[in-house]
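Asks: Sending over a structure as structure tokens; questions will come in a sec.
The values are calculated or read from the model by the stated rules, or taken from the named source; none is laboratory data. No experiment lies behind these values; they were computed from the predicted model shown. Cβ placement follows ideal geometry from the backbone for every residue including glycine, while neighbour counts extend to all protein chains displayed. In case anyone asks, the SASA skips ligands and DNA or RNA and just uses the protein heavy atoms, side chains included. Shrake-Rupley method; radii C 1.70, N 1.55, O 1.52, S 1.80 Å.
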Amino acid sequence: MERRYASHPHEVKQFDTDRLRKEFHIPTLFTPDRLELVLTHEDRLIIGGAAPVKQEVKLETDLKELGVAYFLERRELGAINVGGPGTIVVDGTEYELNNKDCLYVGKGTREVIFRSKEASKPAKFYLNSAPAHQEFPTAKTTLAEAESGALGSIENSNDRTIHRFIHENGLQSSQLVMGMTQLKTGNMWNTMPAHVHPRRMEAYMYFDLADDAVVFHLMGEPSETRHIVMRNEQAVISPSWSIHSGVGTSNYTFIWGMAGDNKAYADMDAVPMKDLK
């Protein structure tokens with residue numbers, strides 16, 4: 001598991017492109033038959049991916065890094081499948097996940113195993129894990145079952161649908177919040193006008209992008225914006241003081257995950273367009 005330290009906004013102002021990507025960009029999430037994990041000190045969120053193809057993949061790492069006897073002893077987990085049909089085995093109970101299905105796994109779970117139904121169409125499980133102070137039961141939801149709502153307009157090139165999976169009115173958690181935003185054909189912008197939420201950090205994972213398509217992910221303080229070029233199935237860390245927005249060369253889908261002081265999806269501080277620089 002790779003470790004990323006938290007960064008102060010005054011320091012980030014001095015970063016060049018390479019340093020910015022090194023600190024916040026996660027280029028590899030899905031390696032066949034492996035577990036990829038990045039621990040950020042921004043609210044100690046773990047971001048990763050499990051890509052079982054020819055063999056199953058277990059949720060495990062160097063436990064000294066977490067100071068526990070097993071991965072979810074003091075953590076919770078959200079998993080969203082962005083690949084072919086697969087199964088997550090949670091302490092012996094199997095949960096089948098199709099593309100864009102979500103599973104929440106609660107604190108105290110001892111064993112989590114990821115499997116694909118077919119090696120020719122492997123599952124890809126995108127993972128977020130946050131520290132947890134309370135136990136909640138393992139539960140699954142599908143895209144159709146999620147709380148969803150339309151936002152934006154074709155006139156502003158941001159006509160999109162937001163699906164909320166793990167949140168205060170959906171799958172219950174200790175602090176983890178996760179969902180998915182789908183941009184409709186012909187739309188490129190997300191989360192603009194921008195916002196910050198000082199009480200929570202966030203991570204984005206962009207996918208459903210063609211090989212030659214990119215998303216310019218905007219981050220930084222509103223008066224000191226920077227960008228990171230994102231490609232298909234890559235993630236980016238957004239500190240609580242940073243905006244998190246993007247514009248693509250085509251439409252795309254992204255998964256957002258948050259951890260921090262509350263689970264209120266609407267808890268955010270809007271940034272007036274005139275304040276962006």
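Asks: Mind listing just one residue for me: the one in segment 6-47 that is under 22 Å from Ala132 (Cβ atoms) and open to solvent by 30 Å² or more (accessible area, probe 1.4 Å) and, of those, farthest from the chain's Cα centre (by Cα)?
Replies: Filtering first and then ranking leaves Ala6.
Asks: Being among the hydroxyl-bearing types (Ser, Thr, Tyr) and within 20 Å of the chain's Cα centre (by Cα) is the filter; apply it to segment 81-106 and report the residue that is most open to solvent (accessible area, probe 1.4 Å).
Replies: Within segment 81-106, the match that is most open to solvent (accessible area, probe 1.4 Å) is Thr87.
Asks: Oh, and also: Of everything in segment 187-232, what is of a type in the set (Lys, Arg) and either at pLDDT below 95 or surrounded by fewer than 19 Cβ atoms within 10 Å (Cβ to Cβ) (or both)? Give them in sequence order.
Replies: Selection gives Arg199, Arg226, Arg231.
Asks: Is it the case that some residue within segment 172-184 is hydrophobic (A, V, I, L, M, F, W, C) and open to solvent by 20 Å² or more (accessible area, probe 1.4 Å)?
Replies: No, that holds for no residue.
Asks: Another question, then. Test Ser245 against the stated conditions and say whether it is buried (at least 20 other Cβ atoms within 10 Å of the Cβ), polar (S, T, N, Q) and either on the phi < 0 side of the Ramachandran plot or in a loop (DSSP other than H, G, I, E, B) (or both).
Replies: So Ser245 fits the description; yes.
Asks: Which residues, counting only those in segment 107-124, are open to solvent by less than 10 Å² (accessible area, probe 1.4 Å) and either of a type in the set (Lys, Arg) or in contact with a Pro (Cβ under 8 Å, 6 or more places away or on another chain) (or both)?
Replies: Phe114, Ala123
Asks: While we're on this one: Sort through Lys64, Lys107, Lys140 and tell me the only one that's of a type outside the set (S, T, N, Q) and assigned to a strand (DSSP E or B).
Replies: Every option except Lys140 fails the conditions.
Asks: Another question, then. Considering only residues that are β-branched (Val, Ile, Thr) and either modelled with pLDDT under 95 or in contact with a helix residue (DSSP H, G or I) (Cβ under 6 Å, 6 or more places away or on another chain) (or both), which ones fall in segment 33-63?
Replies: Thr61
Asks: Please work out if Asn251 is within 15 Å of His25 (Cα to Cα), outside any strand (DSSP E or B) and modelled with pLDDT of 95 or more.
Replies: no
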